[in-house]
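> One structure, pasted below without further comment.
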Amino acid sequence: MYNQEGKEASQIDISEEVFNTKKNTGIVHQIYLALEANARQPWAHTKDRSEVRGGGKKPWKQKGTGRARHGSRRSPIWSGGGITFGPLNIRNYKQKINKKMSKKAMKVCLSDKVRNNSFIVLDSLESNGKTKQFAALRKLLPGSGKSTLLLVEGNDKSIGLAVRNIPQVNMQSSQNVNVVDLLHHKYILATKTAVDMLEKRLA
C-alpha cells in the first residue's frame, strides 16, 4: 500500500474470495458484451413507403404506355422510395444480466489485475482539486503513463476535478464500477476505503 508521497507505506490484507478468483474468460466476455449492448442507443432509423414524403400521384396511367405499372414513386424499388426491412430506432438491444454472474466476472477481472501487479492501493487520497498535485502522484506510482482507473468511495468532486484533465486517467466509484471499466484500463488505482467497499459489495 502506497502513501500520498508515492512511497510504499505498509502491507494490506485483501480478501481471497474477491481478489484470488480462478480465471474465467468466458463469463467475463459474456458480461462485457451484455454491458456494451445495454449502453447501445438505436440511432439508425429508416422510413418505409408510408413515411417517405411524396408519392401521392400515380406516375403514369395503368395501361397503354408500354411501361411497367406503378402506383407510387415512393415504392421501395424506386430511387428515393421507402426502405424495406431497414433499421428502426425502436429496436431494443437490452440484455438481462444475472447478478451472480456479474459479481463473478468482477472478481475474475480484479484477481487478474492483482496477479499482474496492476492493482495499486493508496492508504488515503486527499485533493484540493488541482490537477498538478494528482499528476505528480501518478508519476511516482507504478504504471505511469498507462491507462488508469481511479477507484474511490462515493463521488468526490475535488478528486474528480483533479483527475479529469489527466490523459488516460478516469475516476469511478467502487459502488458503480463494472467489468467494462476494469477491462478498458491497464492499471487500477484504489483507495483503502474503496477496496473495503469492493470486498463488501462482492463478498
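> Excluding residues fewer than 8 places away in the same chain, name every one of the aspartates and glutamates whose C-alpha is closer than 16 Å to that of LYS103.
Of all the aspartates and glutamates, those that pass the test against LYS103 - Cα under 16 Å, at least 8 places apart if same chain - are GLU16, GLU17, ASP112, ASP181, ASP196, GLU199.
> Can you tell me which of 138-150, 177-189 comes out highest on packing, and rank the rest after it, using the mean Cβ neighbours within 10 Å?
177-189, 138-150
> How big is the equivalent ellipsoid of the chain along its three axes, where each semi-axis is √(5λ) from the Cα gyration tensor, reported in whole Å from largest to smallest?
In descending order the semi-axes read 55, 20, 13 Å.
> Oh, and also: Which pairs break 30 Å Cα to Cα here: LYS157/LYS186; LYS96/LYS130; LYS113/LYS139; LYS96/LYS200; LYS23/LYS99? Before the final figure, lay out each step's value.
On the way: LYS157/LYS186 24 Å; LYS96/LYS130 40 Å; LYS113/LYS139 19 Å; LYS96/LYS200 24 Å; LYS23/LYS99 18 Å.
Among LYS157/LYS186; LYS96/LYS130; LYS113/LYS139; LYS96/LYS200; LYS23/LYS99, the Cα-Cα distance tops 30 Å for LYS96/LYS130.
> For a quick check of your reading of the filter: which chymotrypsin sites (Phe, Trp or Tyr not before Pro) in segment 6-44 sit in a DSSP loop and have no more than 14 other Cβ atoms within 10 Å?
Listed in order of number, the matching sites are TRP43.
> Related question: Could you check how many percent of all C-alpha pairs in segment 85-203 are farther apart than 21 Å?
41 percent
> On to the next question. Tell me the mean residue ellipticity at 222 nm calculated for the chain from its helices only (DSSP H runs of n ≥ 4, each -39500 (n - 2.57), averaged over every residue, nearest 500).
Details: 7 runs with 68 residues, N = 203.
After summing the helix terms and dividing by residue count, I get -9500 deg cm²/dmol.
> Sticking with this one: Suppose we look only past 19 Å in the calculated P(r) of segment 41-92. What percent of the Cα-Cα pairs does that tail hold? The partial results should precede the final answer.
Working: 520 of 1326 pairs.
The answer is 39 percent, as a whole percent.
> To the nearest 20 debye, what is the magnitude of the charge dipole of the chain about its Cα centre, counting +1 on the Cβ of each Lys and Arg and -1 on the Cβ of each Asp and Glu? Numbers along the way, then the final one.
Details: 36 positive and 16 negative charges, 469 e Å.
Value, rounded to 20: 2260 debye.
> Taking the Cα centre of the chain as the origin and placing charges on Cβ (Lys, Arg +1; Asp, Glu -1), which of PHE85, GLN41, ASN178 is farthest toward the positive end of the dipole?
My answer, from the dipole projection, is PHE85.
> I would also like to ask the following. Given a Förster radius of 22 Å and the C-beta distance between ASN117 and GLN168 as r, what FRET efficiency does 1/(1 + (r/R0)^6) yield to the nearest 0.05?
Between ASN117 and GLN168 the formula returns 0.75.
A short reminder: the numbers here are calculations on the coordinates, not readings from a lab. Everything numeric here is computed off the predicted structure, so don't read it as measured data. FYI the Cβ positions are ideal-geometry reconstructions off the backbone, even for glycines, and counts take in every protein chain you see.
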